[in-house]
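Trainee: Just passing along the structure, written as structure tokens.
The values are calculated or read from the model by the stated rules, or taken from the named source; none is laboratory data. Not measured: the values here are computed from a predicted model. Backbone-built Cβ (ideal geometry, glycine too); neighbour counts: all protein chains shown.
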């Protein structure tokens, strides 16, 4: 059994991790830490675990935990993991960080976009970006995984094959993405109060969202060319889900079948990436509650552009599910273990 510790287990993402790991046949949850619910039984924090998971929330001591578990999941906001994780810890246990501290290889970019100091610059060199479908071999050999962001997962998976094959003008990419309110976390925030966000759609952090450099860095590495793109996120009054509508200018005229062949080349054998049929496009309801990423596209022959639609559950493929998928890879397990649920519908 893989012994697991979850740091920050009472937030939305932490709870999703607990749910997925609790039903995993190869996992034993040893620790769940929480500052807000220290000393409380987990089933008292989340009633859906009544008589299912009787474990007490403990204080956050990652160094002590590293002596007793095989992998630590960190489900905390940015700026904390770089203070708490050290080479000493990752020499004892594997770490999967769901925050942003180890996602960017460029420290200056991190400190600029996140407006905070990074406290462990050397450890950045040891971190592997945990986008499973593109970095599987690197993940297998790593002790520290930087779990990708939710917007970034959907956007990169949607665009990567086309940029890898060099069929898009590199400076033409625009991403228009929508997210459910769980992306903002469980803490109280006026902008995500029911009466503030219900019956309304809004764009936010225009030209300054923190996932922008993450998307650009990964797509630049995949394509071999510098990618500068426009990314605009929107808040949608739904609980969970991300829909990314991506636009790019084709370098040459292409047919639907030629583009589909590119996606098949990279994703044809990927369990969690599903290509929709021609003229049927992804919807968040078909991935909600699952670890799937659905991708569809349409060529606009009039303008020479291609429109790619990607959909994921931001809490699962965009966070906790991908973290479990990374764990499965790290321990040489079938990637799908604990993650085969199909979308719950209607919900």
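Trainee: Testing residue 101 on (1) in the same structural domain as residue 63 (by TED's automatic domain parsing); (2) modelled with pLDDT under 95, one condition comes back false. Which one is that?
Mentor: Unmet condition: (2).
Trainee: What is the one condition in (1) crowded, with 17+ Cβ neighbours inside 10 Å; (2) modelled with pLDDT of 95 or more; (3) part of a loop (DSSP other than H, G, I, E, B) that residue 72 does not satisfy?
Mentor: (3)
Trainee: Sort out for me the strands (runs of 3 or more DSSP E) sitting completely within region 160-264 that have 2 or more residues that are in contact with a strand residue (DSSP E or B) (Cβ under 9 Å, 6 or more places away or on another chain) and over 30 Å from residue 11 (Cβ atoms). Full working, then the answer.
Mentor: Details: elements: 174-179, 230-235, 242-249.
Output list reads 242-249.
Trainee: Also, I was wondering about something else. Considering each of 78, 24 in turn, give the residue that is surrounded by fewer than 22 Cβ atoms within 10 Å (Cβ to Cβ), under 25 Å from the mean Cα position of the chain (by Cα) and either farther than 20 Å from residue 330 by Cα or without any contact (Cβ under 8 Å) to a residue 24 or more places away in the chain (or both).
Mentor: On the way: 24 fails: either farther than 20 Å from residue 330 by Cα or without any contact (Cβ under 8 Å) to a residue 24 or more places away in the chain (or both).
Among 78, 24, only 78 is surrounded by fewer than 22 Cβ atoms within 10 Å (Cβ to Cβ), under 25 Å from the mean Cα position of the chain (by Cα) and either farther than 20 Å from residue 330 by Cα or without any contact (Cβ under 8 Å) to a residue 24 or more places away in the chain (or both).
Trainee: To continue, here is another question. Being closer than 13 Å to residue 132 by Cα and without any contact (Cβ under 8 Å) to a residue 12 or more places away in the chain is the filter here; which residues of region 289-338 pass it?
Mentor: Within region 289-338, 328, 334 qualify.
Trainee: Would you be able to say whether some residue in region 214-226 is at pLDDT 95 or above, buried (at least 18 other Cβ atoms within 10 Å of the Cβ) and over 18 Å from the mean Cα position of the chain (by Cα)?
Mentor: For region 214-226, residues at pLDDT 95 or above, buried (at least 18 other Cβ atoms within 10 Å of the Cβ) and over 18 Å from the mean Cα position of the chain (by Cα): present.
Trainee: Tell me whether region 304-315 contains one or more residues that are exposed (fewer than 15 other Cβ atoms within 10 Å of the Cβ), outside the structural domain of residue 6 (by TED's automatic domain parsing) and assigned to a loop (DSSP other than H, G, I, E, B).
Mentor: no
Trainee: Also, I was wondering about something else. Which of the residues that make up region 126-154 are touching a helix residue (DSSP H, G or I) at 6+ places or on another chain (Cβ under 8 Å) and part of a helix (DSSP H, G or I)?
Mentor: Of region 126-154, the ones touching a helix residue (DSSP H, G or I) at 6+ places or on another chain (Cβ under 8 Å) are 126, 128-134, 136, 139-140, 142-145, 147-154.
Selection gives 132, 133, 134, 136, 139, 140, 150, 151, 152, 153, 154.
Trainee: May I pose another question? Would you mind stating whether residue 269 is assigned to a loop (DSSP other than H, G, I, E, B) and either in contact (Cβ under 8 Å) with a residue 24 or more places away in the chain or over 20 Å from residue 133 (Cα atoms) (or both)? Please lay out each step first, then the result.
Mentor: Details: assigned to a loop (DSSP other than H, G, I, E, B): yes; either in contact (Cβ under 8 Å) with a residue 24 or more places away in the chain or over 20 Å from residue 133 (Cα atoms) (or both): no.
Spelling it out, it is not the case that residue 269 is assigned to a loop (DSSP other than H, G, I, E, B) and either in contact (Cβ under 8 Å) with a residue 24 or more places away in the chain or over 20 Å from residue 133 (Cα atoms) (or both).
Trainee: Does residue 338 satisfy being under 25 Å from residue 246 (Cα atoms), touching a helix residue (DSSP H, G or I) at 6+ places or on another chain (Cβ under 6 Å) and either crowded, with 19+ Cβ neighbours inside 10 Å or not assigned by TED's automatic domain parsing to the domain that holds residue 70 (or both)?
Mentor: For residue 338, the condition - under 25 Å from residue 246 (Cα atoms), touching a helix residue (DSSP H, G or I) at 6+ places or on another chain (Cβ under 6 Å) and either crowded, with 19+ Cβ neighbours inside 10 Å or not assigned by TED's automatic domain parsing to the domain that holds residue 70 (or both) - is not met.
Trainee: Evaluate region 174-184: report whether one residue or more is assigned by TED's automatic domain parsing to the domain that holds residue 239, surrounded by 12 or more Cβ atoms within 10 Å (Cβ to Cβ), farther than 19 Å from residue 319 by Cβ and at pLDDT 95 or above.
Mentor: yes
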